[in-house]
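Chemist: Quick one: the structure is below, and I'll ask about it shortly.
The values are calculated or read from the model by the stated rules, or taken from the named source; none is laboratory data. Keep in mind it's a predicted model, so treat the numbers as computed, not measured. Reconstructed Cβ throughout: ideal geometry from the backbone, glycine too, with neighbour counts over all protein chains shown. Calculation scope for accessible area: heavy atoms of the full protein, side chains included, ligands and nucleic acids excluded. Shrake-Rupley method; radii C 1.70, N 1.55, O 1.52, S 1.80 Å.
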Amino acid sequence: QEVMNMDVKPKPSRPHWCERCVQPCLAELLGTALFVCLGCLSVLEAVEGTGRLQPALAHGLALGVTVAVLGDI
């Protein structure tokens, strides 16, 4: 009787191989591509006299926007 009353908890299932391997690699690839393209564009459109400030601000603002938008995930 007592054995039947015990709560049996199922073992948690392992995530699919795609969730473990492909999704993190794809997210890293897209994030890197975003920052590389943004950095290159900020240098191409640089006005004389900005030096290193414009690419630094472009990367910083892009990172800030990304964290603000995707921070809850």
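Chemist: Set the Förster radius R0 to 35 Å, insert the Cβ-Cβ distance between C37 and W17 as r into 1/(1 + (r/R0)^6), and round the FRET efficiency to 0.05. If you can, show how the numbers build up before the last one.
Modeler: Details: r = 30 Å, r/R0 = 0.84.
The computed FRET efficiency comes out at 0.75.
Chemist: May I pose another question? In nm, to one decimal, how far is the modelled label at T66 from the one at A27, with both set 7 Å along Cα→Cβ?
Modeler: 1.2
Chemist: On to the next question. Heavy atoms only, probe 1.4 angstrom, no DNA, RNA or ligands counted: give me C18, C40 ranked by accessible area, highest first.
Modeler: Details: C18 45, C40 75 Å².
Solvent-accessible surface, decreasing: C40, C18.
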